Amino acid sequence: MTSTLSEPFQIVFTKIAQKHFGALTNKTKRKVAKILLILELDPFSQRLNIKKMKSLKDTYRIRLGDIRIVYIMNSENKILTIADLDFRGNIY
């Protein structure tokens, strides 16, 4: 029996993204976690404010209020690497 749903992406954090995630408030961590659950199933979800980073290959950003989540998509291996997440003024 085959599943009609495609396999979800695996989400991996870089050390810096992990550090910045740990520094967030619990309320913000819950919001980010909800975004990551959506992202895991559909990296191009219309429900998220996703933009391709012009200068970087396979790199995208999600805007969540003042927080930016930058991720790199490896569609061949179905891995999303959260490269960084931080407040808008600190991430670019």
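Counting each DSSP H run of 4 or more residues in the chain as -39500 (n - 2.57), what helix-only mean residue ellipticity at 222 nm follows after dividing by all residues, to the nearest 500 deg cm²/dmol? Could the numbers behind the result be given before it?
Working: 3 runs with 28 residues, N = 92.
Value at 222 nm, helices only, nearest 500: -8500 deg cm²/dmol.
Length gain on complete extension for the stretch A33 to F87, per 0.36 nm per residue less the alpha carbon to alpha carbon distance? Mind showing how you got there, number by number?
On the way: separation 54, 0.36 × 54 = 19.44 nm, distance 1.59 nm.
Going from the current span to full extension adds 17.8 nm.
Count charges around Q10 for me, please; just the other residues with Cβ under 12 Å from its Cβ, Lys/Arg as +1, Asp/Glu as -1. Display every interim value, and only then the final one.
Working: positive: K78; negative: E7, E40.
Charge balance in the 12 Å sphere: -1.
In nanometres, what is the gap between the two model label sites at S6 and S45, each 7 Å from Cα along Cα-to-Cβ?
Modelled inter-label distance: 1.5 nm.
Between beta-carbons, use under 9 Å as the cut-off and find the net charge around Y60, counting Lys and Arg +1, Asp and Glu -1. Numbers along the way, then the final one.
Working: positive: K51, K52, R61; negative: D58.
That sum, taken over residues with Cβ under 9 Å, equals +2.
Multiply the residue gap between T14 and N77 by 0.36 nm, knock off their C-alpha separation, and tell me the result in nm, one decimal place.
Numbers: separation 63, 0.36 × 63 = 22.68 nm, distance 1.69 nm.
My answer for the length gained is 21.0 nm.
Select from the stretch 1-81 those trypsin sites (Lys or Arg not before Pro) which occupy a DSSP coil region and have at most 12 other Cβ atoms within 10 Å, ordered by residue number.
The qualifying sites are R47, K54, K57.
Counting only pairs 8 or more places apart or on different chains, how many lysine pairs in the chain have C-alpha atoms closer than 18 Å? Numbers along the way, then the final one.
Numbers: K15/K29; K19/K27; K19/K29; K19/K31; K52/K78; K57/K78.
For the chain, qualifying lysine pairs total 6.
With viscosity set to 1.002 mPa s and temperature to 20 °C, compute the Stokes-Einstein D of the chain, Rh being the Kirkwood radius across alpha carbon pairs; µm²/s, no decimals.
Translational D for this selection: 157 µm²/s.
Express in whole angstrom the spacing between the alpha-carbon centres of the stretch 62-86 and the stretch 1-57.
The distance from the Cα centre of the stretch 62-86 to that of the stretch 1-57 comes to 6 Å.
Once you place label points 7 Å from the Cα toward the Cβ at K57 and L24, how far apart are they in nm?
Those two pseudo-labels are separated by 2.9 nm.
Count the net charge of all other residues whose Cβ sits under 10 Å from the Cβ of L24, scoring Lys and Arg as +1 and Asp and Glu as -1. All intermediate terms of the calculation are to be shown ahead of the outcome.
Details: positive: K27, K29, R30, K31; negative: D86.
Summing Lys/Arg as +1 and Asp/Glu as -1 gives +3.
Before anything else, pin down the relative contact order of the stretch 10-91: Cα pairs under 8 Å, at least 6 apart, normalised by residue count, whole percent.
Contact order relative to length: 34 percent.
Readers should treat all values here as calculations from the given coordinates under stated rules, not as data from a laboratory. In this text, all values refer to a predicted model and were calculated from it rather than measured experimentally. Positions of Cβ are generated from backbone atoms using ideal geometry, with glycine treated the same way; all protein chains shown enter the neighbour counts.
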